[in-house]
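Okay, structure first, notes after.
Read-outs throughout are calculated quantities, based only on the coordinates presented, and are distinct from any laboratory measurement. A quick note: this is a predicted structure, and the numbers were derived from the prediction, not measured. A quick note on method: Cβ atoms are made from the backbone with ideal geometry, for glycine too, and the neighbour counts reach across all protein chains shown.
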Amino acid sequence: MSDQKREYSIYEAVPQFGRLRDDVLYNDVWKQPELSPRDRSLVTCAVLAALGRNEELKHHCGVAVKNGVSADELRGMVVQLAFYAGWPAGVNAAKAAMPVFEAADNVSQEP
């Protein structure tokens with residue numbers, strides 16, 4: 001038996017959050033036809049970065065890659081963001097996206 005405790009998620013603590021996330025956000029907002037999932041992910045990352053929501057940004061950077069956003073496009077978003085939302089916001093966004101950057105750089109350096 002493991003001594004580690006399972007993390008109690010916010011969606012267990014506040015079940016309504018999970019229902020709204022699933023029913024409204026994922027099954028309605030993310031499926032609107034005006035933006036592709038790729039573009040919606042890039043917009044989501046930019047907004048989260050501008051607002052300093054770094055924990056959520058880390059997650060959404062991974063989602064963005066799965067939706068077709070490249071690491072270079074995320075790098076471009078970080079630079080653009082730094083000038084419109086402030087340098088610290090850009091730096092924090094880059095820190096949040098580091099796992100994506102590291103994974104992309106490791107893949108590009110393999111023979």
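What to note about this one:
- Flag if L81 is buried (at least 20 other Cβ atoms within 10 Å of the Cβ) and out of contact with any Leu (no Cβ under 9 Å at 6 or more places or on another chain): yes
- The requirement of being of a type outside the set (S, T, N, Q), more than 30 Å from V91 (Cα to Cα) and surrounded by 14 or more Cβ atoms within 10 Å (Cβ to Cβ) is fulfilled nowhere in the stretch 41-63; no residue meets it.
- Residue within the stretch 82-92 that is closer than 25 Å to V107 by Cα and of a type outside the set (G, A, S) present: yes
- Among (1) surrounded by 15 or more Cβ atoms within 10 Å (Cβ to Cβ); (2) under 21 Å from L25 (Cβ atoms), the one test that A89 misses: (2)
- Comparison of V69, V43 shows that the only residue that is outside any helix (DSSP H, G or I), within 18 Å of the chain's Cα centre (by Cα) and of a type in the set (V, I, T) is V69.
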